[in-house]
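Below is one structure, written out as structure tokens; the observations come after it.
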Amino acid sequence: MTVVSRGWGMAVRRQRLIARRELLGYTQEALAAELGVDLSTVGRWERGTQELTPGMRPRLAKALKVSAVELAALFASDEKTEAPGDAVRRSQEQWLRVRKAPGVRGRELAELAAWLYPAGKRAPDGHVLTGPGWLLEQPVELEQVRLRFTDQTPPVPELPSTAGLLPLNDRGEPYTDYSRAVRDLVRPRLLENRVSYRLLAVRAAGDGLELEFGTTTFFEVFHVKSCLAHEFKAAWLAAQGSVPGWDVLPLRTAIGDPFDPTRLLMSPGIVTLTLRRGAGGGHRFVLHERDGDSVADGGSLCSLMPAGEFQPSSVQAVDVRNDFSLWRNIMREYSEEFLANPEHDGNGARAIDYGAEEPFASFERARAAGRLRMWHYGLVSDPLTLGPSQRTVAVVDDVEFDRLFGAMTRVNDEGRVVGEGGRADMPFTDEAITRLEPRLSPGSLSLLRMAWRDRDLLLD
């Protein structure tokens, strides 16, 4: 980030940084070569006209043989010695500033991040990424996506240190986990660690897919996704709004192929486009605006509803098996997000009986009678976080919709329903999708466009 006089003060030559470099025998050229950056970058650091990107901090600290706190002191103004508490405060303020990415509008960063990848790794609309065989040419019935579970979950992929992407804690040490930093410094109302299903493989299976899963935790996946997003935001700010190069994205570079589960920890959530099928036309869909103060990520954009993590209702082995179903996961999200029922968070004394307990029994009957149909498009990945999600569509006859969701809540723990004309839904038309486009998350816009393209099949 370039330092200018307005708001930051005049740039001051960093004599301590220069002294440390010279003490270790580095010329500016040698240090630049060691780090893989331009000579001019080292010059700007030392002149005090450019700050470090988070991804560069651990590399420079290693080269200069200093701790994170000592590196912060080397970059502090030479006008006065920075106290440890000042370094902590400055680190946390800078981290929050990057996390919020001032000036970003809606999907801007995600769509810029997509440009890092060749066209063959982007979905047809360019808003999201998709791997080989991940996205189907047209939707299939949900049963055509088969799941396999294994207890032999491989080790978590090793990645470069993420210390440079995390702020200092109150002890002056880098946080070790992004979720802990969010908990302490952002304090969202909803941030809970849960067992999640970890994606291990995606395979073609007839006209559908076979997905293999083990287990992970929400925080493990959240840490990787958030660090990837933070690294990109910091580099984007330092590049003054341009798409950053791979040389300043070491974490993303180390992962390489974003669709290789041996290199990237993945837990694909499920996003469902809920279509209310009108008997005489006039089909509609449900849209949700996430509250940035309530959720850890994805706030202030509109997304399709319901959407959630693919995870069991508890850590109990019986629930990990009992809940290993896309349909059961989607039913729980309908129960929580549409009907405001308490979240099934593992505190219950027994496994859920989906065939007998409400509202699940009603969902099951509607689907068995053909009044609620479920479709699956495959998987896409968010370019900013590299977090995959499954794209599904529920088509519900209007009379059945009123029967199941007549008491649908307008506000839930994560945000509010966005409607039109006093209703709690939006018209499913090309004009409405286009009008809403600036407010939609990348994945939601992509799914809406695919569903509009395939509307004759879905609504037949």
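The values are calculated or read from the model by the stated rules, or taken from the named source; none is laboratory data. Everything quoted here is computed from the prediction, not taken from an experiment. Please note: Cβ atoms are built from the backbone with ideal geometry, for glycine as well, and neighbour counts cover all protein chains shown. These area figures cover heavy atoms from the full protein model, side chains too; ligands, DNA and RNA do not enter into them. Shrake-Rupley method; radii C 1.70, N 1.55, O 1.52, S 1.80 Å.
Data for the structure
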| quantity | calculated |
| --- | --- |
| Given Lys100/Lys121; Lys121/Lys225; Lys62/Lys100, the pairs whose alpha carbons are separated by over 20 Å | Lys100/Lys121; Lys62/Lys100 |
| Segment 351-460 - Rg and Dmax from Cα coordinates, angstrom | 15.7, 44 |
| Fraction of accessible area attributable to carbon and sulfur, segment 178-312 (%, probe 1.4 Å) | 45 percent |
| Leu74 accessible area, 1.4 Å probe, all protein chains in place, Å² to nearest 10 | 20 Å² |
| Relative frequency of Cα-Cα separations exceeding 18 Å in segment 109-217, percent | 70 percent |
| Dimensions (Å) - the chain, Cα atoms, principal axes, largest first | 77, 47, 39 |
| Protein-only accessible surface order, largest first, of Arg189, Arg276 at 1.4 Å | Arg189, Arg276 |
| Accessible area of the chain divided out per residue, in Å², using a probe of 1.4 angstrom | 44 Å² |
| Cβ-based net charge around Glu431, under 14 Å, with every Lys or Arg adding one and every Asp or Glu removing one | +1 |
| Fraction of beta bridges assigned by DSSP in the chain that are antiparallel (%, nearest 5) | 75 percent |
| Total formal charge among the other residues, if their Cβ is under 11 angstrom from that of Gly36, Lys/Arg +1 and Asp/Glu -1 | -2 |
| Nearest-10 value in Å² for the accessible area of Trp327, using the 1.4 Å probe | 20 Å² |
| Summed side-chain charge close to Gly133 - residues other than Gly133 whose Cβ falls under 12 Å, Lys, Arg +1, Asp, Glu -1 | -1 |
